[in-house]
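Engineer: Mind looking over this structure? Questions follow.
The values are calculated or read from the model by the stated rules, or taken from the named source; none is laboratory data. Source: prediction; values computed, not measured. FYI the Cβ positions are ideal-geometry reconstructions off the backbone, even for glycines, and counts take in every protein chain you see. Remember, those area values only see protein heavy atoms, side chains included, never the ligands or the DNA or RNA. Shrake-Rupley method; radii C 1.70, N 1.55, O 1.52, S 1.80 Å.
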Amino acid sequence: MARNDLRVASTGRARCPHRAAPRGGQNFTRWCIPHPGALRTATPYLSLALLFLALMGCVAHAQNSTTCTTNFYNVTGSTFREIRASIAKARPWKDRFDGDTRWDVRWKFQYAERPGGCAITSYSVSTKIVITLPRWTPPADVDSAVKEQWSRFYTALAQHELGHARLGTAAGEEVGQKIKGTAPQAECAALRKMADEQAEQAVADYRAREKDYDRRTNHGANPSGVP
């Protein structure tokens, strides 16, 4: 008899501080590009697009999905100091961080008893990524130097958050590989336990990588430490 199991991994969280200037049998990706505005910040979003497109492919008996949503909080100001003050007031969290990336990995699988033991017959992994960034609409008479300063700050911030999104996407990929590689077991209960434990460990490993990423980049202040 075929059965199924569903597990949800706890949400991973990553934030950047102000210092950082389907069908069965297929993978599919759906994502949302943040609006770059008029400040030439499209590069990080193009990278995000290429990343997700590169992850598309076929996996036998699997249905995998990765979605990325970008939320914004509006800020104002005619000087960069005013913009920074607006960010401090408008951030939708209490910590001193300007960007936020959260990812969540969920999985489920079906299994059946066979002559060689209880084996996984199909599985699916769903990875959801939510990025939150500030959005500034420059006043008509704002100095061009302020625009340049904002552009540098915003690009660095978005690129750091993109690094967290990459780790979330990789976590979902790893979960799928762990479930796919689960060997048949004599008892279905043992199979369920093994598959879930391997998937949970994969998520935990990528949470640890996120902490290391923030340590190496000093939460975005040192962009050379990308994952």
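Engineer: Output the number of the condition that Ile131 fails; it satisfies all remaining conditions of (1) under 30 Å from Pro115 (Cβ atoms); (2) of a type outside the set (Asp, Glu); (3) crowded, with 20+ Cβ neighbours inside 10 Å.
Structural biologist: Of everything listed in (1) under 30 Å from Pro115 (Cβ atoms); (2) of a type outside the set (Asp, Glu); (3) crowded, with 20+ Cβ neighbours inside 10 Å, Ile131 misses just condition (1).
Engineer: Collect the residues in the stretch 92-104 that are more than 23 Å from Gln177 (Cβ to Cβ) and open to solvent by less than 30 Å² (accessible area, probe 1.4 Å), keeping them in residue-number order.
Structural biologist: Residues satisfying the conditions are Asp98, Gly99, Asp100.
Engineer: Could you pull out the residue among Val175, Val130, Val146 that is of a type in the set (A, V, I, L, M), outside any helix (DSSP H, G or I) and modelled with pLDDT of 95 or more?
Structural biologist: Just one listed residue meets the conditions, Val130.
Engineer: Contact list please: Cβ distance under 8 Å, first residue in the stretch 96-116 and closer than 17 Å to Thr69 by Cα, second residue acidic (Asp, Glu) and buried (at least 21 other Cβ atoms within 10 Å of the Cβ), pairs at least six apart or on different chains.
Structural biologist: Final answer for the pair search is Gly99/Glu161; Asp100/Glu161; Thr101/Glu161.
Engineer: Within the stretch 112-130, can one find any residue that is over 30 Å from Ala186 (Cβ atoms) and out of contact with any helix residue (DSSP H, G or I) (no Cβ under 9 Å at 6 or more places or on another chain)?
Structural biologist: Yes, there is a match, as at least one residue in the stretch 112-130 is over 30 Å from Ala186 (Cβ atoms) and out of contact with any helix residue (DSSP H, G or I) (no Cβ under 9 Å at 6 or more places or on another chain).
Engineer: Still on this structure: Identify the residue in the stretch 105-122 that is of a type outside the set (Val, Ile, Thr) and open to solvent by 20 Å² or more (accessible area, probe 1.4 Å) and, among all such residues, is nearest to Asp205 (Cα to Cα).
Structural biologist: Arg106
Engineer: For residues that are touching a Gly at 6+ places or on another chain (Cβ under 8 Å) and either aliphatic (A, V, I, L, M) or within 18 Å of Ser126 (Cα to Cα) (or both), scanning just the stretch 168-190, find the one that is surrounded by the fewest Cβ atoms within 10 Å (Cβ to Cβ).
Structural biologist: Among residues in the stretch 168-190 that are touching a Gly at 6+ places or on another chain (Cβ under 8 Å) and either aliphatic (A, V, I, L, M) or within 18 Å of Ser126 (Cα to Cα) (or both), the one surrounded by the fewest Cβ atoms within 10 Å (Cβ to Cβ) is Ala186.
Engineer: Looking at the stretch 123-145 only, could you name the residues that are within 26 Å of Glu200 (Cα to Cα) and small (Gly, Ala, Ser)?
Structural biologist: Within the stretch 123-145, Ser124, Ser126 meet the criteria.
Engineer: Separate question: Provide a single number: the residues in the stretch 70-79 that are outside any loop (DSSP other than H, G, I, E, B) and either surrounded by 18 or more Cβ atoms within 10 Å (Cβ to Cβ) or at pLDDT below 95 (or both).
Structural biologist: Total meeting the criteria: 2.
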